[in-house]
1. Near the amide H of Cys156, under 5 Å away, which other amide H atoms are found, from residues 5 or more places off or on another chain, if H is placed in the peptide plane?
2. Give, to the nearest whole percent, the P(r) tail of the range 5-172 beyond 28 angstrom, counting all Cα pairs.
3. Could you work out, for the range 30-129, what percent of all Cα-Cα pairs fall into each 5 Å distance bin, beginning at 0 Å and stopping at the bin that holds the largest distance?
4. Under the rule a/c < 1.5 gives rounded, and otherwise a/b versus b/c splits prolate from oblate, where does the range 149-204 land using the Cα gyration tensor?
5. Kindly identify the range 61-116 as rounded, prolate or oblate by the Cα gyration tensor criterion: order the square roots of the eigenvalues as a ≥ b ≥ c, call it rounded if a/c is under 1.5, otherwise compare a/b with b/c, prolate if a/b is larger, else oblate.
6. Which of Val177, Val154, Trp167 sits closest to the plus end of the dipole of the range 119-208, meaning its Cα is farthest towards the positive end, when Lys and Arg get +1 and Asp and Glu get -1 on the C-beta?
7. Between rounded, prolate and oblate, where does the range 97-148 land on the alpha carbon gyration tensor, with a ≥ b ≥ c its root eigenvalues, rounded for a/c under 1.5, else prolate if a/b exceeds b/c?
8. Take the alpha-carbon centre of the range 65-104, take the same for the range 164-205, and report the distance between them in whole Å.
Amino acid sequence: MHPNPVFHTAQAQENLAFARERAFGVLAVQGDGAPMLSHVPFLLNEEGGQANLHLVRSNPIVRALKTPLAARIAVSGPDGYVSPDWYEVPDQVPTWNYVAVHLTGVLELRPQTELRGLLDRQSAYFEDRLLPKTPWTAKKMDADVLDRLMRTIVPCRLTVTAVDGTWKLNQNKPAAVRLRAADYMDAYGIGAETRLLAALMRGADGQG
């Protein structure tokens, strides 16, 4: 997370809504030496207190979960390089704008009996957003094949104890400068989802 408080003005519910919508992030658990990381889809409940996910049994994080562990899910949004020239004012330096939310808490294994319900909810969450296509469901699979695949994964839950978000959108610049940079980001941006990033930059609170 960026240390400048001007980039941390989003309310908890805004950060949770962002994480819930993205529903994919990097799960981090401290290992021996370097942290253990896994890229995971997850479901964040309405209250924002639980993120449910599944992991492959052979994942080192699963092997470490003999007891619950401190963990964090980092959820990334749009990001892009900002050229100093885009501000059209002197003495600026390059930077990178981005949105990211961290969900911090305690990760635990859940009973295997919860797995099918979790998988059904996860697939429904994404399939329902692919309308007008008829949503895929596990009922389309051979029962034995599905059972065999389910034995290779385990359900997990992150009980969320802290939420933090960085919305780095040039709020530290005068509004006119920020809006110029947003226009350049929209037209020439390098990064991920740069048009969405430009729109967020336009809507950010600047210095006036």
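Here, each number is a calculation from the coordinates, and none is a lab measurement. What you are looking at is a predicted structure, and each value in this text was computed from that prediction instead of being measured. When we count neighbours, we look across all protein chains shown, and the Cβ atoms used for this are built from the backbone with ideal geometry, even at glycine.
1. Result for Cys156 returns Leu53, His54, Leu55, Arg110.
2. 35 percent
3. 2, 9, 16, 19, 16, 11, 8, 6, 6, 4, 2, 1, 0
4. Details: a/c = 5.77, a/b = 2.16, b/c = 2.67.
Cα axes put the range 149-204 in the oblate bin.
5. Working: a/c = 5.62, a/b = 3.63, b/c = 1.55.
Here the range 61-116 falls in the prolate category.
6. Checking the options against the dipole of the range 119-208, the answer is Val177.
7. oblate
8. Comparing the Cα centres of the range 65-104 and the range 164-205, I get a distance of 12 Å.
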